[in-house]
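Taking it in order: structure first as structure tokens, then the write-up.
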Amino acid sequence: MSTVAITGANSGIGLRAARQLMDAGHRVLALCRSVDRARAALGPAVDVIETHMDDLASIERAAAQVADAGVDVLINNAATFDLGMKQRQTTAAGDEYVWATNHLGAAALAAKLGPALAASDDGRLIFIASKGLVAMPRIRIRWDDVDATTWYTPTKAYYHAKLAQVMLAESLAQQWSPRVHVTALRVPAVRLDAEKLAAQPRLQRWLYAPKNRAAAEPDAVAQTYVALATGAAPASAYVDESGAPCALPRFARDEEQRRRLLEVTEAATGASFDLD
């Protein structure tokens, strides 16, 4: 059985995946902002580690706890996508909040836990991307303004960070092989939990309702998380919800752009992607 660390494990797909992993006998380390909410959702016996993905100091503390516990798999599930966040916000460190949470935080956690994953007999790292990137063939990393000071919208910031996650996964899949198997999962639109939908502004709830009804069930997508974490490792570093290989976004295919992202990310987080 594996020890699986998963961020954002107290709601949505992360919660379902954590439950499925626990039901299958795996040990789950739930990395969440709220320890109380995680224990309420997963039960009092779960291993919960308080982790704020927009705070590099919190990530460093969490990574040390995870490494001490021993870990085989890291699922970088947590992400923020709040259409009500109309104005650009920044972290205490001055980074744009979505970029910091969805990319820098996930990257820093992966870098900090890379050596621990490499020490496992079957170390795995899973990033979560979005099928929405398919509808944005010209999307690119905005090197001149990664912190969105001039172009911010919730949607643009979200997909900008998700593109970075795909690029990082592709780079690490090559750099860390064969010691750690790295995958990015392209997740389709997923049905929101009732409480998350209720938290949206009334107009947004009305506009989103048809899409929510047609969206994938979170339990089904969670099964893909579990398969990637504990089943046969896929041959491709970028797969869809069925586990089948899918094409990288056009910008992510450029090796020079991926190298540049590694450098920018290491500079912003102070973390190294060297396993040794």
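Bear in mind that the values in this text are calculations on the coordinates, not laboratory data. All values derive from a computational prediction rather than experimental measurement. All Cβ positions, even for glycine, are placed from backbone atoms using ideal geometry, and neighbour counts span all protein chains on display.
Taking every DSSP helix (H) stretch of at least 4 residues in the chain, weighting each as -39,500 (n - 2.57) and dividing the sum by the residue count yields a mean residue ellipticity at 222 nm of -13500 deg cm²/dmol.
Across the options Pro178, Ser11, Val226, the greatest Cα extent toward the positive end of the charge dipole of the chain (unit charges at beta carbon of Lys, Arg, Asp, Glu) belongs to Ser11. Over the stretch 56-159, one equal point on each Cα, no solvent: what is log10 I(q)/I(0) by the Debye formula at q = 0.20 Å⁻¹? Reported log10 I(q)/I(0), two decimals: -1.05.
Treating r as the C-beta distance of Asp274 and Arg253 and R0 as 22 Å, the FRET efficiency rounds to 0.35. Lysine pair count for the chain with Cα-Cα distance under 16 Å and sequence separation of 8 or more or different chains is 5. Considering the chain at the alpha-carbon level, its Rg and Dmax are found to be 17.3, 51 Å. Considering only beta bridges that DSSP places wholly inside the stretch 15-140, some 10 percent are antiparallel. Taking the charge dipole of the chain about its Cα centre, with +1 at Lys and Arg Cβ atoms and -1 at Asp and Glu Cβ atoms, the residue from Thr90, Gln257, Thr150 reaching farthest to the positive side is Thr150.
Taking the empirical scaling 2.2 N^0.38 Å for compact globular proteins as reference, the stretch 1-137 has a Cα radius of gyration ratio of 1.04. Using a Gaussian network model of the chain in which every pair of alpha carbons under 10 angstrom is joined by a spring, one finds that among Arg253, Arg88, Arg138 the greatest mean-square fluctuation is at Arg138.
Shown for Trp143, Trp176: other C-beta atoms within 10 Å of each C-beta, ranked fewest to most, produce the order Trp143, Trp176. Once both labels are positioned 7 Å from their Cα atoms along Cα-to-Cβ, the gap between Trp143 and Ala40 label points is 4.6 nm.
With both bridge residues required to lie in the stretch 3-269, what share of the DSSP beta bridges run antiparallel, to the nearest 5%?
Beta bridges within the stretch 3-269, antiparallel portion: roughly 5 percent.
Relative to the Cα centre, the charge distribution of the chain, modelled as +1 at Lys and Arg Cβ and -1 at Asp and Glu Cβ, gives a dipole magnitude of about 1140 debye.
Phi angles across the stretch 50-66 convert, under the Karplus curve 6.51 cos²θ - 1.76 cosθ + 1.60 with θ = phi - 60°, into 3J(HN,Hα) values of 5, 9, 10, 6, 9, 10, 5, 5, 5, 5, 5, 5, 5, 4, 5, 5, 5 Hz, Gly and Pro given as x.
Of Ala63, Ala169, Ala220, the residue with the greatest mean-square motion in the GNM of the chain, using alpha carbon springs below 10 Å, is Ala220.
What the Cβ-Cβ distance of Thr150 and Arg179 gives, at R0 = 41 Å and to the nearest 0.05, is a FRET efficiency of 0.55.
Once R0 is set to 51 Å, what does the formula 1/(1 + (r/R0)^6) return for the Cβ-Cβ distance between Ala119 and Lys86, expressed as a FRET efficiency to the nearest 0.05?
It comes out at approximately 0.70.
Please find, in a Gaussian network model of the chain (springs between Cα atoms separated by less than 10 Å), the residue of Ala229, Ala129, Ala93 whose mean-square fluctuation is greatest. Looking only at Ala229, Ala129, Ala93, the largest GNM fluctuation is found for Ala93.
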